[in-house]
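Presented below is the structure to which this report refers.
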Amino acid sequence: MTEPGDPAPPHRFPLAVIGAGALGLHFVSRLAPVVPLALIARSANRAADLAAGVDVGGHLYQPTVFSPPFVPEADWVLILVKGPDTKAAGRLAATMAPRGVLSLQNGLTETALRSVCPAGRVGQGITTAGAYRDGARVVPTADGTTLLPPGFEPMAAWLAEAGFEARISPNIAAERLAKLLVNVAINPLAAIFCITNGALLAPPHRVLLDALVDEAWPVLRRAGLALDLGAAREWVAEVAARTGANRASMLQDILAGRATEIETITGALLAMAAAQGVVLPTHEAVRTLVRRLEGASAATSQAPGGLPD
């Protein structure tokens, strides 16, 4: 957000990021020294707060920040909002006349984005980077690995220059299924038990973690997952260990009284299972528990018409 007397920002940016939550701020604070970028916050008030500066990993970061409906054009748009807000973010991205729009969201969101955003390239990658809010501060917990679909080489290059492990994956569809496996196992359990990712590797939670992996694996395997069952278990445990200090996004939502991404994560898996004629009782159970935890205020906790942070 610019102040009177400041130089006018460019009408068009090389990169814009929609989503000023913990993960979005983790990414933009690292990308800003690499490429001129615009951060899109949910409201004018939130944009003003961010423009004053935010502590990200112990460093003060002052973004160039905008809010709807006054957003600049951008060559490339990165979407880092929660799954239920995918279409709102996609519609906003379309107004920015981008060459390409990339989601790094949880769940499977590419189809929803394509339905509202007629950009030249629309795709979904994956990231295992992690961050959470601690009061007004953002605490990055892992840089992780970020994989992008072919066609998003400029964004991959910027991310790599910013210090993230980022690359183009020719088999991004299988990679997305592997990330979905991680999410359906880690996110709901972290939210239900109110623990960090790493704590899921200790008894008694590890038994439940493996049970969710084992139940989801046949469905995802038939959909194109490239991991055998042993490798699937090892992959989920590895991600939990590498992001051990992280508070999963679903846990952060529960603690903040927000609606979670349970439908775009576990719901996506259950939709696949239904299409295959399979029932997943353990995943149905954790979905029910997370819904109960969301509470009555979750659906109304976001600003009307705005984007989530």
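With the structure loaded, tell me whether ASN187 is on the phi < 0 side of the Ramachandran plot and touching a strand residue (DSSP E or B) at 6+ places or on another chain (Cβ under 9 Å) or whether it fails that test. No: the conditions fail for ASN187.
Number of residues in segment 96-128 that are closer than 20 Å to MET250 by Cβ and part of a helix (DSSP H, G or I): the value is 1. Looking across segment 134-144 at every residue that is part of a loop (DSSP other than H, G, I, E, B) and touching a Lys or Arg at 6+ places or on another chain (Cβ under 9 Å), the one that is surrounded by the fewest Cβ atoms within 10 Å (Cβ to Cβ) is identified as GLY144. Here GLY295 clears all of (1) modelled with pLDDT under 95; (2) within 19 Å of the chain's Cα centre (by Cα); (3) surrounded by fewer than 19 Cβ atoms within 10 Å (Cβ to Cβ) except the condition numbered (2). Just one residue in the set ALA160, ALA248 is closer than 29 Å to LEU31 by Cβ and at pLDDT below 95; that residue is ALA248. Every listed requirement among (1) at pLDDT below 95; (2) surrounded by 14 or more Cβ atoms within 10 Å (Cβ to Cβ) is met by ILE265 save one, (1). ALA245 fulfils the conditions (1) under 30 Å from ALA275 (Cα atoms); (2) in contact with a strand residue (DSSP E or B) (Cβ under 6 Å, 6 or more places away or on another chain); (3) in a loop (DSSP other than H, G, I, E, B) except for a single criterion, (1). If you go through segment 71-86 and pick out every residue that is at pLDDT below 95 and either charged (D, E, K, R) or part of a strand (DSSP E or B) (or both), you end up with 2.
Condition test on ARG114, is it surrounded by fewer than 18 Cβ atoms within 10 Å (Cβ to Cβ) and under 14 Å from ILE18 (Cβ atoms)? So ARG114 does not fit the description; no. Scanning segment 191-215 for residues that are farther than 18 Å from LEU269 by Cα and either touching a residue at least 60 places away in the same chain (Cβ under 8 Å) or in a helix (DSSP H, G or I) (or both) returns ILE192, PHE193, CYS194, ASN197, GLY198, ALA199, LEU200, LEU201, HIS205, ARG206, VAL207. Please go through segment 3-22 and give me each residue that is at pLDDT below 95 and under 22 Å from the mean Cα position of the chain (by Cα), ordered by number. Those that are at pLDDT below 95 and under 22 Å from the mean Cα position of the chain (by Cα): GLY21, ALA22.
Pairs meeting the criteria (first residue in segment 144-157 and without any contact (Cβ under 8 Å) to a residue 24 or more places away in the chain, second residue among the charged types (D, E, K, R), beta carbons under 7 Å, at least 6 apart or on different chains) are THR145/GLU165; ALA156/ARG167. Checked against (1) modelled with pLDDT under 90; (2) crowded, with 21+ Cβ neighbours inside 10 Å, ALA119 meets all criteria but (2).
Going through segment 128-157 one residue at a time, which ones are among the hydroxyl-bearing types (Ser, Thr, Tyr) and modelled with pLDDT of 95 or more? Residue satisfying the conditions is THR146 alone. Kindly indicate which of ALA156, ALA131, ALA89, ALA93 is surrounded by 19 or more Cβ atoms within 10 Å (Cβ to Cβ), assigned by TED's automatic domain parsing to the domain that holds VAL34 and in a strand (DSSP E or B). The conditions single out ALA131.
Tell me whether segment 236-246 contains one or more residues that are surrounded by fewer than 16 Cβ atoms within 10 Å (Cβ to Cβ), out of contact with any Leu (no Cβ under 8 Å at 6 or more places or on another chain) and without any contact (Cβ under 8 Å) to a residue 12 or more places away in the chain. Yes, segment 236-246 contains at least one residue that is surrounded by fewer than 16 Cβ atoms within 10 Å (Cβ to Cβ), out of contact with any Leu (no Cβ under 8 Å at 6 or more places or on another chain) and without any contact (Cβ under 8 Å) to a residue 12 or more places away in the chain.
The values are calculated or read from the model by the stated rules, or taken from the named source; none is laboratory data. Not measured: the values here are computed from a predicted model. Don't worry about glycine lacking a Cβ; one is built from the backbone with ideal geometry, like all the others, and counts go over all protein chains shown.
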